[in-house]
1. What is the sum of charges, Lys and Arg at +1 and Asp and Glu at -1, for the other residues whose Cβ falls under 12 Å from the Cβ of GLU72?
2. In the stretch 306-373, which trypsin sites (Lys or Arg not before Pro) fall in coil by DSSP and have 12 or fewer other Cβ atoms within 10 Å?
3. Solvent-accessible area per residue for the chain at a 1.4 Å probe radius, Å²?
4. In a shell of Cβ-Cβ distance under 15 Å around ALA319, excluding ALA319 itself, what net charge do Lys and Arg (+1) and Asp and Glu (-1) give?
5. Could you tell me the relative contact order of the stretch 15-285? Use alpha-carbon pairs under 8 Å, at least six residues apart, and round to a whole percent.
6. A 31 angstrom limit on the alpha carbon distance is what I want to check against. Which of LYS67/LYS147; LYS121/LYS332; LYS67/LYS356 exceed it?
7. With all protein chains present, how much of the accessible area of the chain (probe radius 1.4 Å) comes from carbon and sulfur, to the nearest whole percent?
8. Answer with one residue from ASN66, VAL215, VAL377: the one whose Cα lies farthest towards the positive end of the charge dipole of the chain, charges on Cβ with Lys, Arg +1 and Asp, Glu -1.
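The values are calculated or read from the model by the stated rules, or taken from the named source; none is laboratory data. These numbers were taken from a predicted model, which means no experiment stands behind them. For neighbour counting, all protein chains shown are included, and Cβ atoms are generated from backbone atoms with ideal geometry for every residue, glycine included. For accessibility, only protein heavy atoms count, side chains too; no ligands or nucleic acids. Shrake-Rupley method; radii C 1.70, N 1.55, O 1.52, S 1.80 Å.
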Amino acid sequence: MSHSIDTTCVQGGWQPENGGPRQLPIYQSTTFKYATSQQMADLFDLKASGYFYTRLQNPTNDQVANKIAALEGGVAAMLTSSGQAASFFSVFNICEAGDHFISCSSIYGGTFNLFAITMKKLGIEVTFVDQNAPAEELAKAFRPNTKCVFGETVANPAGYILDIAKMAKLAHDHGVPLIVDNTFATPVLCRPFDFGADIVVHSTTKYMDGHGCAVGGVIVDSGHFDWEQHHDRFAGLTEPDPSYHGLAYTKAFGKGAYITKATAQLMRDLGSIQSPQNAFLLNLGLESLHLRMPRHCSNALAAATYLKNNPKVAWVHYAGLPDDPEYPLVQKQFRGGLPCGVLTFGIKGGREQSIKFMDSLKLIAIVTHVADARSCVLHPASHTHRQLTDEQLREAGIPPDLIRFSVGIEDPDDIIADLEQALNQI
Ligand SMILES: *Cc1c(COP(=O)(O)O)cnc(C)c1O
């Protein structure tokens with residue numbers, strides 16, 4: 001039976017049997033026992049489904065993956081050790097040396113490095129595009145060997161909003177899937193599949209966990225993309241895999257093809273699993289995600305409104321402010337009409353004053369983390385994005401004075417009081 005997103009947050013995934021444990025058990029086991037050699041052989045050949053080694057699958061992880069698949073409205077999901085592993089696997093599952101893909105330039109700094117530097121070393125080339133360019137302009141980035149388009153629902157840290165329906169149409173017109181990093185929105189606020197995205201990835205380290213206790217990631221498949229319609233382009237999914245005695249994922253697993261390949265091939269070979277202990281913590285976070293997200297948003301709106309009216313603040317960017325150019329898109333794509341709890345702003349006087357302000361904060365902490373129950377700030381030009389050149393920073397939509405403010409779920413009056421006392425120091 002399918003329930004609303006809020007109910008799925010609390011009760012999705014693990015379903016105890018009569019007399020079974022109410023809370024999701026942690027299967028702290030590397031391996032699983034079978035009665036016969038043949039049963040084990042069938043698992044290795046993907047002829048039967050079951051657990052045999054936690055590097056491939058673990059029951060705790062699968063229950064949490066099932067909950068997230070249900071939250072996103074997808075058919076299957078796989079947990080990964082981090083958001084980085086999820087982003088990498090999501091692209092590498094359909095790209096190999098000699099292939100090309102397109103990514104929005106306004107993305108998380110770690111993903112930018114992964115795509116521009118590390119994947120290039122693997123022979124996979126990326127073209128970065130401005131997601132707000134007209135569709136005719138964006139169409140020019142496609143090549144015969146283009147395999148997917150990648151973007152972020154809400155760009156970290158720039159805060160720009162991806163027009164998912166526009167990007168999905170563009171990708172589909174060129175016969176490739178749209179992969180969306182939905183970390184900042186979470187399915188509570190936006191479900192990219194409802195707007196045509198094909199694959200969703202998350203850094204579960206952020207809002208999904210929400211308490212800053214476990215690094216993790218997830219890949220979710222909508223099951224919508226028809227790989228067989230583009231058989232030759234996605235030969236890795238449609239043609240026999242020699243490492244599984246010639247099994248073809250689309251033929252053997254239908255709508256489960258993409259996630260099965262990611263598990264059976266990439267996880268088997270690259271081993272970036274989430275520990276069952278971390279999956280348990282992630283599940284605890286998910287149980288209150290639907291309560292935390294609206295509070296993050298209303299606190300962010302209150303803080304953005306306060307900062308906008310403070311004469312010491314040069315600029316504020318939060319797409320949930322009614323005069324923001326992306327506000328209409330937020331109304332269309334986001335439940336509750338607010339995008340997330342993260343906003344950006346600059347202080348008059350530039351970089352130097354921004355740093356003085358941050359050092360004066362008391363309640364709001366300086367941490368690398370974002371999207372956490374506790375309010376925190378970060379200066380991307382000196383922290384997360386310090387590897388980028390000024391030009392790359394500009395391309396990613398990050399002015400050097402930008403402060404990323406992740407508004408927590410504390411009392412908004414206390415958050416604003418801390419902002420005020422720190423602004424009074426400059
Ligand atoms: C943090 C983050 C990542 C990377 O996730 P990790 O869990 O830190 O590996 C990817 N995308 C976005 C949008 C992020 O905020």
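1. Working: positive: LYS67, ARG191; negative: ASP194, ASP198, ASP221.
In short, -1.
2. Numbers: sites: LYS308, LYS312, LYS332, ARG335, LYS348, ARG351, LYS356, LYS362; in loops: LYS312, LYS348, LYS362.
Filter output for the stretch 306-373: LYS362.
3. With the other protein chains kept in place, the chain gives 41 Å² per residue.
4. In short, -1.
5. Details: 517 pairs, mean separation 64.8, N = 271.
The normalised contact order for the stretch 15-285 reaches 24 percent.
6. On the way: LYS67/LYS147 28 Å; LYS121/LYS332 39 Å; LYS67/LYS356 43 Å.
Checking Cα-Cα distances, LYS121/LYS332; LYS67/LYS356 exceed 31 Å.
7. Working: 9240 of 17360 Å².
Answer for the chain is 53 percent, counting heavy atoms of protein chains only.
8. Most positive-ward Cα: VAL215.
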